[in-house]
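One structure below.
The values are calculated or read from the model by the stated rules, or taken from the named source; none is laboratory data. Remember, it's a predicted structure, so these values are computed and weren't measured experimentally. So basically every Cβ, Gly included, is an ideal-geometry build from the backbone, and we count neighbours across all protein chains shown. Just so you know, the surface numbers come from the protein's heavy atoms only, side chains and all, with ligands and any DNA or RNA stripped out. Shrake-Rupley method; radii C 1.70, N 1.55, O 1.52, S 1.80 Å.
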Amino acid sequence: MAYLRAQAAQIDAWEHLGNDGWNWESLLPYYKQSEHFQIPTEEQCLAGAAYDIDVHGTTGYLKTGWNTGLLGENVTSLINATYTSTGLPYIQEPNGGSMRGFTRYPATVDRELNVREDAGRAYYLPVQNRTNLDLYTNSFVQRMTWDKDSTSSTPRVSGVQFTDASGKQKVMSAKKEVILSAGALRSPLILELSGVGNSA
Ligand SMILES: Cc1cc2nc3c(=O)[nH]c(=O)nc-3n(C[C@H](O)[C@H](O)[C@H](O)COP(=O)(O)OP(=O)(O)OC[C@H]3O[C@@H](n4cnc5c(N)ncnc54)[C@H](O)[C@@H]3O)c2cc1C
């Protein structure tokens, strides 16, 4: 449930590796856009919650902040003192690109309901009744399919081949685009199974 971004230098490394425009400054607006930061209560601030509102968004979908049961101030002070004695600083705002040190970082949590926030709660549940939205649970993508009729020199993905929950194999065609977001390990695997990258 930790709501922590990264060190600015880690994000800037994407650009150093050759991805023009992919850096901390250009990513920050999207971090803010996706976030619904719940401003800590006075009691939570006394217990150690600290923030810089300039690096948080308050109108996005994903609720972030501190849950109702923050540890008491004494515990925080004690741990902070221990860290300080080893040379680690206290940081007020770990999500502003500088995250080294001790902090009471925010969580992905719905404070009012006091439950964990996740992609389903933040993005799917609010729109689950839309008639133009279908969610296929327990389905498994094998590969992306290619537009064989495309006259463009750039290959064009036309859809995905997958097995649905009943074990039936299906092909879904895309009118506009396919977004591949199967995680850091599975996305490259699906690309390879689709003929992109290492064929072996
Ligand atoms: C133990 C652990 C703790 C973490 N804790 C935190 C934390 O506290 N805070 C934080 O910010 N980050 C945390 N992370 C990192 C964070 O979870 C990931 O960075 C993030 O979930 C990546 O999101 P994603 O959408 O790119 O991929 P994922 O969340 O990996 O989503 C990929 C989805 O694709 C699905 N999929 C894969 N292959 C197929 C297929 N062939 N067909 C259909 N579906 C498929 C998977 O089932 C999955 O649902 C943690 C990670 C781990 C492992």
Return the residue satisfying two criteria in turn: it lies in region 91-136 and is acidic (Asp, Glu) and open to solvent by less than 90 Å² (accessible area, probe 1.4 Å), and of such residues it is nearest to Leu4 (Cα to Cα).
Glu93
Filtering region 141-170 down to residues that are surrounded by fewer than 12 Cβ atoms within 10 Å (Cβ to Cβ) and at pLDDT 95 or above, which residue is nearest to the chain's Cα centre (by Cα)?
Ala165
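A quick yes/no check of all residues on (1) surrounded by 12 or more Cβ atoms within 10 Å (Cβ to Cβ); (2) in contact (Cβ under 8 Å) with a residue 12 or more places away in the chain:
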site: Gly18; (1), (2): no, no
site: Trp22; (1), (2): yes, no
site: Pro29; (1), (2): no, no
site: Gln38; (1), (2): yes, yes
site: Thr41; (1), (2): yes, no
site: Trp66; (1), (2): yes, yes
How many of the residues making up region 171-188 are free of Cβ contacts under 8 Å to residues at least 12 places away in the same chain and under 10 Å from Val141 (Cβ atoms)?
1
Quick test of your reading of the structure: Gln161 fulfils all but one of (1) within 30 Å of Gln38 (Cα to Cα); (2) in contact with a strand residue (DSSP E or B) (Cβ under 8 Å, 6 or more places away or on another chain). Name the failing condition by number.
(1)
Between a first residue in region 149-162 that is more than 17 Å from Lys175 (Cβ to Cβ) and a second residue that is of a type in the set (Asp, Glu), which pairs have beta carbons less than 9 Å apart while being 6 or more apart in sequence or on different chains?
Pro155/Asp147
Per-region count, region 108-138, residues at pLDDT 95 or above, aliphatic (A, V, I, L, M) and within 12 Å of the ligand (Cβ to nearest atom):
1
Condition test on Tyr61, is it open to solvent by 70 Å² or more (accessible area, probe 1.4 Å), in contact (Cβ under 8 Å) with a residue 24 or more places away in the chain, among the aromatic types (Phe, Trp, Tyr) and in contact with a helix residue (DSSP H, G or I) (Cβ under 6 Å, 6 or more places away or on another chain)?
yes
Positions within region 51-109 being of a type in the set (Gly, Ala, Ser) and under 17 Å from the mean Cα position of the chain (by Cα), in sequence order
Gly57, Gly60, Gly65, Gly96, Gly97, Ala107
Of those in region 139-154 that are touching a strand residue (DSSP E or B) at 6+ places or on another chain (Cβ under 6 Å) and part of a loop (DSSP other than H, G, I, E, B), the residue nearest to the ligand (Cβ to nearest atom) is Ser139
Among the residues of region 155-164, what is the count of those that are in a loop (DSSP other than H, G, I, E, B) and either hydroxyl-bearing (Ser, Thr, Tyr) or away from the ligand (no atom under 16 Å from the Cβ) (or both)?
2
